[in-house]
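Nothing in this text is a laboratory measurement; each read-out follows from the coordinates by a stated rule. Keep in mind that what you see is a predicted model, and the values were worked out from it rather than measured. Here the Cβ positions follow ideal geometry from the backbone for every residue, glycine too, while neighbour counts run over all protein chains shown.
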Amino acid sequence: MASRQAFTDSDTADEAVRATCDDATVCKRFATSKGYWKDLYIQYFARSVGERKAPEINRGYYARVKGVNHLLDAFIRKTECDCQVINLGAGLDTTFWRLKEENLLPRKYFEVDFPTVVARKIHNIKTKPPLSKPLIETHSTDSLLLDANSLDSDRYCLIGADLRDISGLDENSRNFNLIQNCPQPLYQSVS
């Protein structure tokens, strides 16, 4: 009975973490609708603007998004795009599409999150041409890997994994051609 209770508690905690993905996406969609910053792609992950958010929440997301974008862009420019980026806990983050639009794509952009979150993101990418088109434009071969929990193209990789399982994550990164000696910032998404 104790192991069953531990599983239930763990699953409940995991669900609470996964729920932050939706909360962050809705908050970012609302903030962009009010002009705090421009994000053309968030609309494809959050169905509606949602209820009004307090100005402190909008300002908080603005500061986080702008701060991370500033540091990430500086890193990519310093390496002249000869780097890879690994976004841990990426959620429904839209940074890949922003970087593509601004001609700042690194050699490869990796995102990692729970398999259920990744499956939702893959579904949105597959069903919404404004998300799939930039991905296809950056892919030069016929070897696009796409399944329920992962997507791997020449420049973008989305991996469904539990970040608590380091050995599994390490194995996944090798399967998806993470270049071991390439400059890479690791960061946790602002979602």
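Sort Val26, Val49 by Cβ crowding within 10 Å, fewest neighbours at the top.
Ascending number of Cβ neighbours within 10 Å: Val49, Val26.
Just to be sure I understand: with springs between alpha-carbon atoms less than 10 Å apart, which residue in Asp11, Asp170, Asp162 has the highest mean-square fluctuation in the Gaussian network model of the chain?
Asp11
Give, in whole angstrom and from largest to smallest, the semi-axes √(5λ) of the equivalent ellipsoid of the chain, with λ running over the eigenvalues of the Cα gyration tensor.
Numbers: eigenvalues 120, 112, 54 Å².
The answer is 24, 24, 16 Å, longest axis first.
Given the DSSP H assignment, sum -39500 (n - 2.57) over each helix run of at least 4 residues in the chain and divide by its residue total; what's the result at 222 nm in deg cm²/dmol, nearest 500?
Values: 6 runs with 95 residues, N = 191.
Roughly -16500 deg cm²/dmol at 222 nm, from the helical runs in the chain.
For Asp165 and Ala13, what is the calculated FRET efficiency with R₀ set at 22 Å and r taken between the beta-carbons, to the nearest 0.05?
It comes to 0.90.
Work from the charge dipole of the chain (Cβ charges, +1 for Lys and Arg, -1 for Asp and Glu, about the Cα centre) and give the residue of Leu146, Ala90, Pro129 farthest towards its positive end.
Checking the options against the dipole of the chain, the answer is Pro129.
Counting only pairs 8 or more places apart or on different chains, how many lysine pairs in region 13-145 have C-alpha atoms closer than 20 Å?
27
For labels at Asn177 and Phe75 in the simple 7 Å Cα→Cβ model, what's the distance in nm?
About 2.1 nm, to one decimal.
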